[in-house]
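Notes follow once the structure below has been shown.
Rule-based calculations on the coordinates, nothing more; no lab input. Since we're looking at a predicted model, the values are computed, not measured. Note that each Cβ is placed from the backbone with ideal geometry, even for glycine, and that neighbours are counted across all protein chains shown.
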Amino acid sequence: MEKRDSFQLTTLRSEQRNTVYIQGELDLSKVGELRSVLDCLIADTGRELVLSLKELTYIDSTGIGVIVSVLKARDVLQASFRVENVPPNIKRLFDMTGLTKFLRMDTVEA
């Protein structure tokens with residue numbers, strides 16, 4: 001399987017949190033799929049919303065835009081949102097765009 005076709009989303013719901021695992025390359029062609037999954041979870045304020053990025057290999061500006069919109073929406077709802085297992089290359093991009101200072105995040109080792 002080529003990396004281009006390896007984009008996958010998996011959602012795990014528990015009592016305390018909704019976790020979305022993102023795998024592969026998140027770009028303009030896949031952002032609608034992510035938005036569709038997240039739209040169903042944003043308003044669930046009784047659970048923390050977590051994006052697990054451990055297997056995310058690439059993100060473009062449209063993917064970052066989705067994360068920013070989720071961050072804003074959850075902030076308005078006063079609901080918890082964080083990203084976890086952020087790979088070093090993705091963290092660098094978050095740093096360069098200024099997103100890091102607004103996110104609650106856990107990173108993974110290189």
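Before moving on, here are some points about what is shown:
- Residues (surrounded by fewer than 13 Cβ atoms within 10 Å (Cβ to Cβ) and farther than 22 Å from G24 by Cβ) located in the range 73-94: D75, V76, Q78
- Screening V68 with (1) buried (at least 17 other Cβ atoms within 10 Å of the Cβ); (2) within 20 Å of F102 (Cβ to Cβ) gives one miss only, at (1).
- Inside the range 70-79, residues that are free of Cβ contacts under 8 Å to residues at least 12 places away in the same chain and under 14 Å from the mean Cα position of the chain (by Cα) make up a count of 1.
- Single match in L99, L49 (criterion: touching a strand residue (DSSP E or B) at 6+ places or on another chain (Cβ under 8 Å), surrounded by 16 or more Cβ atoms within 10 Å (Cβ to Cβ), touching a residue at least 24 places away in the same chain (Cβ under 8 Å) and not β-branched (V, I, T)): L49
For (1) over 21 Å from D95 (Cα atoms); (2) out of contact with any Phe, Trp or Tyr (no Cβ under 9 Å at 6 or more places or on another chain), each residue gets a yes or a no:
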site	(1), (2)
F7	yes, yes
S14	yes, yes
T19	yes, yes
I22	no, no
E33	yes, no
L41	yes, yes
T45	yes, yes
L53	no, no
V70	no, no
